[in-house]
Amino acid sequence: AAMQAGQASDRYTIAAPREFYAAWLAPRLAPFQAQTPGVQYILAPDEGAEFTEANLDLAIRFIAGPGELEGVQLAPALKVSVAAPDARDAWIDWPEAGLPEGASPCVKTSSAGQAMSSALAGMGRTVLPLALVESALENGLLKALDDPVESRRAYWLVAPVPQWRSNKVRALVAFLTES
C-alpha cells in the first residue's frame, strides 16, 4: 500500500538495463506511448533499484526467474555468439557471457551492454542474450557465429504483487507480451 500511494496512474517508473531499453523496450514502448497520450515515462538510473526506494512500477532484470516478485519472461532464454563482420579474432568477456572453454578474453567488461558495444566496434566476439542482439543481427551490424543455445537467464519484467495487480501495470504488461 505504501508503494502504491506514491504512484500515479499517469506515469510509469521503470528500471531496465540501458542496453535492453535501447535494443528491445524502447521500440516496443513507443507504440504503447502513442496509445496513451499524456502518460509520462520515468526510467530509473539503476536497473537493480529497490521498488520501495525508487517508487518503481516495474523493473526489467536479466535473471533466472522472478523469485519473490510477480513476473513475465519477455524473451526466450537464449544466448548466441556474435561478432561484427570485420571483428578481431578475440573474445570479449562479461560476467554472464559463459565463454567457450579455453577462450582467453582480450576485453573484460562489467555488463552485456559494454560487451555488445565492444563487439559492435569490432574488438572481438562475445556471447550475448539473443533478445539484446536481434536487431543488430537483422541489420547486419553483428553476425551470429553459431545457432542460439539455451541460457539460464532471460529478461524478465517484474514487480511486487500489489503493482502487478494495478490496472496501469496490467495494461503495459499485456501490451508488451502481445507485441
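The values are calculated or read from the model by the stated rules, or taken from the named source; none is laboratory data. What you see is a predicted model; the values in this text were computed from it and never measured. Every residue, glycine among them, receives a Cβ derived from its backbone with ideal geometry; neighbour counts consider all protein chains shown. The area values use the complete protein model at the heavy-atom level, side chains included, leaving out ligands, DNA and RNA. Shrake-Rupley method; radii C 1.70, N 1.55, O 1.52, S 1.80 Å.
Which loop trypsin sites (Lys or Arg not before Pro) in the range 40-144, with loop taken from DSSP, have no more than 15 other Cβ atoms within 10 angstrom of their Cβ? Don't jump to the answer; show the numbers that get you there.
Details: sites: Arg61, Lys79, Arg88, Lys108, Arg125, Lys143; in loops: Arg88.
Listed in order of number, the matching sites are Arg88.
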task: Between Glu150, Glu101, Glu53, find the one with the highest GNM mean-square fluctuation for the chain; connect C-alpha pairs within less than 10 Å.
output: Glu101
- prompt: In whole angstrom, how far apart do the alpha carbon centroids of the range 98-154 and the range 17-54 sit?
  reply: 23
query: Mind checking which of Ala54, Ala34, Ala75 has the largest fluctuation in a GNM of the chain, springs on alpha carbons under 10 Å?
result: Ala34
- request: Compute the distance in nm between two label points, each set 7 Å from the Cα along the Cα-to-Cβ direction, one at Ala64 and one at Asp86.
  value: 4.2
- request: Mind checking which aspartates and glutamates have their Cα closer than 17 Å to the Cα of Lys79? Skip sequence neighbours fewer than 8 apart in that chain.
  value: Glu19, Asp93, Glu96, Glu101, Glu134, Glu138, Asp146, Asp147, Glu150
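How much mean residue ellipticity at 222 nm does the chain get from its helices, if each DSSP H run of length 4 or more adds -39500 (n - 2.57) and you divide by all residues, to the nearest 500 deg cm²/dmol?
On the way: 7 runs with 52 residues, N = 179.
Estimated from H runs of four or more residues: -7500 deg cm²/dmol.
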task: Output the antiparallel fraction of DSSP beta bridges having both residues in the chain, as a percent to the nearest 5.
output: 60
query: So who's got an amide H within less than 5 Å of the one on Leu142, skipping anything under 5 residues away but keeping other chains? H placed 1.01 Å off N, in plane.
result: Leu137
- line: For the chain, dividing by residue count, accessible area per residue (probe 1.4 Å) in Å² works out to 52
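About the Cα centre of the range 72-134, how large is the charge dipole given +1 on each Lys and Arg Cβ and -1 on each Asp and Glu Cβ? Please answer in debye to the nearest 20.
On the way: 4 positive and 6 negative charges, 13 e Å.
With only Lys, Arg, Asp and Glu charged at Cβ, the dipole is about 60 debye.
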- prompt: Cα-based Rg (one decimal) and Dmax (whole number) for the chain, in Å?
  reply: 17.4, 54
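Once neighbouring chains are kept in place and the probe is 1.4 Å, which whole percent of the accessible area of the range 52-179 is contributed by carbon and sulfur? Walk me through the numbers on the way to the answer.
Numbers: 3060 of 6410 Å².
Using a 1.4 Å probe with all protein chains present, the range 52-179 comes out at 48 percent carbon and sulfur.
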message: Per residue of the range 170-176, what does 6.51 cos²θ - 1.76 cosθ + 1.60 with θ = phi - 60° give for ³J(HN,Hα)? Whole Hz please, x for Gly and Pro, Karplus curve as stated.
response: 4, 5, 5, 4, 4, 5, 5
